[in-house]
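Here is the structure we will look at.
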Amino acid sequence: MSGSADGLVVGEDGLARPVWASRDPLLREYYDSEWGMPVRDEQGLFERLSLEAFQSGLSWATILRKRPAFRRAFADFDADAVAGFGDGDVARLLEDAAIIRNRAKILATIGNAQATRHLRAEGGLAELLWSFQPERTPEPRTTEDVPSRSPESVAAAKELKSRGFSFVGPTTVFALMEAVGIVDTHLLGSHRRGTSGVW
């Protein structure tokens, strides 16, 4: 592997990736096949919103390794199922060492499932999130050029909070927007830049 000043690493396969996606095989696979690709269905967006909330303060690699366990624990992120979780489910989740046992984040996920259900009457979670797609996407040349929030993520976070969502600050929402293709923050030299079909 060879690195460069822009924060990209060229792997043995000749493809340029950011440093964060260049070493760990799990992160590399996620970067190459999933990160930044458009997600427009409720279940997919609810899952990623939930995982971004659990990731707060932790590494994304930790979350990815636990993702299968999260899916089992949270009914494959079916909003209807999670919205119906009660005290017994919370107790079960707090005992589940395969996930992140954080009471506030668990309760937020259940509350966010309920908020997701309520949004259906007004077009749904996907319509709301994608309504914050900016007119232009960032064009970062280096890792330092990648923003951690945007006017759109600030507005989206405010709107989500007004709809009953929690653990949805502007930085978390921007990370979600990056992950699901609403913005493209792949570095300009990355092999993934522009592959989402959105930009």
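The values are calculated or read from the model by the stated rules, or taken from the named source; none is laboratory data. Being a predicted model, the structure only gives us computed values, none of them experimental. Glycine gets a Cβ as well: all are built from the backbone with ideal geometry, and neighbour counts include every protein chain shown. Note: accessible area is taken over every heavy atom of the protein model, side chains too, but ligands, DNA and RNA are not part of it. Shrake-Rupley method; radii C 1.70, N 1.55, O 1.52, S 1.80 Å.
The table for this structure:
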| read-out | value |
| --- | --- |
| Every pair of residues 6+ apart whose Cβ atoms lie under 8 Å, when the first sits in region 27-49 and is at positive phi and modelled with pLDDT of 95 or more while the second is in a helix (DSSP H, G or I) and crowded, with 18+ Cβ neighbours inside 10 Å | Gly36/Glu178; Gly36/Ala179 |
| Flag if Phe132 is open to solvent by 70 Å² or more (accessible area, probe 1.4 Å), of a type in the set (Phe, Trp, Tyr) and more than 25 Å from Leu15 (Cβ to Cβ) | no |
| Hey, Leu58 closer than 17 Å to Ala175 by Cβ, over 12 Å from the mean Cα position of the chain (by Cα) and hydrophobic (A, V, I, L, M, F, W, C) or not | yes |
| Selection count where residues are open to solvent by less than 60 Å² (accessible area, probe 1.4 Å) and outside any loop (DSSP other than H, G, I, E, B), scope region 22-60 | 18 |
| Of residues in region 4-21 being closer than 24 Å to Val198 by Cβ and assigned to a loop (DSSP other than H, G, I, E, B), the one least open to solvent (accessible area, probe 1.4 Å) | Gly7 |
| Options Ile106, Ile110, Ile99: the member that is closer than 30 Å to Arg17 by Cα and of a type outside the set (S, T, N, Q) | Ile99 |
| Tabulated pairs, region 69-87, first touching a residue at least 12 places away in the same chain (Cβ under 8 Å) and at positive phi, second polar (S, T, N, Q) and assigned to a helix (DSSP H, G or I), C-beta under 7 angstrom, 6+ apart or interchain | Phe77/Gln43; Phe77/Ser50 |
| Only one of Glu127, Glu144 that is surrounded by fewer than 19 Cβ atoms within 10 Å (Cβ to Cβ), free of Cβ contacts under 8 Å to residues at least 60 places away in the same chain and not aromatic (Phe, Trp, Tyr) | Glu127 |
| Unique match (being β-branched (Val, Ile, Thr), open to solvent by less than 60 Å² (accessible area, probe 1.4 Å), in contact (Cβ under 8 Å) with a residue 40 or more places away in the chain and out of contact with any His (no Cβ under 7 Å at 6 or more places or on another chain)) among Ile63, Ile100 | Ile100 |
| Residue that is surrounded by the fewest Cβ atoms within 10 Å (Cβ to Cβ), among those in region 154-181 that are among the small types (Gly, Ala, Ser) and within 20 Å of Leu58 (Cβ to Cβ) | Ser166 |
